[in-house]
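I have placed the structure first, in the form of structure tokens, so that the comments after it can refer back to it.
All of the numbers you see were taken from the coordinates with simple rules; none came from a lab. Owing to the predicted nature of the structure, the values given are computational and were not obtained by experimental measurement. Cβ placement follows ideal geometry from the backbone for every residue including glycine, while neighbour counts extend to all protein chains displayed.
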Amino acid sequence: MNFKEAKNIDIISYLKKLGLEPEKNYGKYSMFSSPFRNEKTASLKVDRVKNLWVDYGTNEGGSIIDLIMHLNNCSPKEALNILSINTFSFHRKEETPKANKSTYSILKITDLKNRNLLAYLDERKINLDFARQFFHQIHYTFDNKKEYYGIGFRNDLEGFEIRNKFFKGCLGKKSITTFLNQSNTVSLFESGWDALAYLTLKNKIPKEDFIILNSTALVKNTLALVQNYSKIKVLFDNDVSGKTALKYIEDNTKNEVIDCSVHYSEHNDLNDYLISQQK
């Protein structure tokens with residue numbers, strides 16, 4: 001994928017893939033709550049005709065490349081790589097070029113030991129002992145070219161959520177992740193990072209079951225599971241997609257639902273709260 005092809009990827013579809021839905025739709029544009037901060041009034045405008053965005057809170061904007069750079073704090077080349085690896089097929093209908101889908105290969109799976117990945121875990125303040133119980137070090141390649149490595153978190157369809165300082169994506173099929181401990185209580189998280197932050201804060205693995213969405217778009221996949229618990233603890237992000245997922249759980253179960261995000265309401269998510277507590 002080159003820059004011209006990448007800029008043809010529809011920004012609105014990309015944001016929806018991340019679990020963000022427009023707050024309002026107008027004739028030629030949509031308004032989103034900014035993914036860069038918590039806010040009550042949507043300030044991120046996406047022009048559907050020009051396929052450009054602008055954040056009125058910071059007066060920054062541009063193409064989807066600029067969006068990826070801001071979301072991941074990375075260079076244009078790294079942003080292009082992120083789009084290529086995720087193989088988003090959200091190209092605008094009026095354009096004919098399509099990005100080629102990359103095929104991936106997992107070269108090896110090891111315990112966490114790469115110093116860059118360990119430094120990233122330390123930056124996120126995640127307890128290394130817990131991380132090594134649930135995370136792996138994944139070495140992989142796309143189209144048999146350059147080798148990459150990242151922290152891998154396995155989901156229930158044997159795919160891997162991959163993360164390093166510059167990349168966030170999934171190898172294989174996207175799915176939720178479950179850890180079952182025969183408990184009557186289940187804790188729900190948006191990401192594996194928040195689950196590990198939870199364990200780090202508690203400094204133990206509590207007698208609870210755990211469900212990690214890996215994307216708020218997969219919240220419906222948890223509905224049949226959560227009916228089996230007398231207590232459902234929800235630790236989602238303090239943003240629009242997190243609150244929407246919480247409401248879905250509340251509206252579709254008669255069991256006790258506890259919104260635990262009130263304990264970190266001044267932060268975007270539980271991992272951000274953990275980082276703030278250890279500064």
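Its alpha carbons considered, region 177-277 gives a radius of gyration followed by a Dmax of 12.4, 35 Å. Computed from the C-beta positions of Glu78 and Lys40, the FRET efficiency with R₀ = 22 Å rounds to 0.10.
Counting only lysines at least 8 places from Lys28 when in the same chain, those with an alpha carbon closer than 19 Å to its own are Lys7, Lys16, Lys45, Lys50, Lys93. Where Lys and Arg each count +1 and Asp and Glu each count -1, what net charge lies around Lys28 among other residues with Cβ under 9 Å from its Cβ? After counting each charged neighbour, the total is +1. Applying 0.36 nm per residue to the separation of Ile109 and Thr253 and subtracting their alpha-carbon distance, the gain on full extension is 48.0 nm. Under 5 Å between amide hydrogens, built in the peptide plane, is the criterion, and for Tyr104 it picks out Asp143 among residues at least 5 positions away or on other chains. Pairs exceeding a 18 Å alpha-carbon distance, out of Lys24/Lys174; Lys77/Lys173; Lys77/Lys146; Lys77/Lys168: Lys24/Lys174; Lys77/Lys173. Take every DSSP beta bridge whose two residues both sit in the chain; close to 75 percent of them are antiparallel. Reported to the nearest whole Å, the Cα centre-to-centre distance from region 204-241 to region 144-187 is 15. For Ser215, neighbours were defined as the other residues whose beta-carbon sits under 10 Å from its Cβ, and their charges (Lys and Arg +1, Asp and Glu -1) total 0. The slack between Asn228 and Lys202, meaning 0.36 nm per residue of separation minus the straight C-alpha distance, is 6.9 nm. Taking other residues whose beta carbon is less than 11 angstrom from the beta carbon of Phe236, and scoring Lys, Arg as +1 and Asp, Glu as -1, yields -3.
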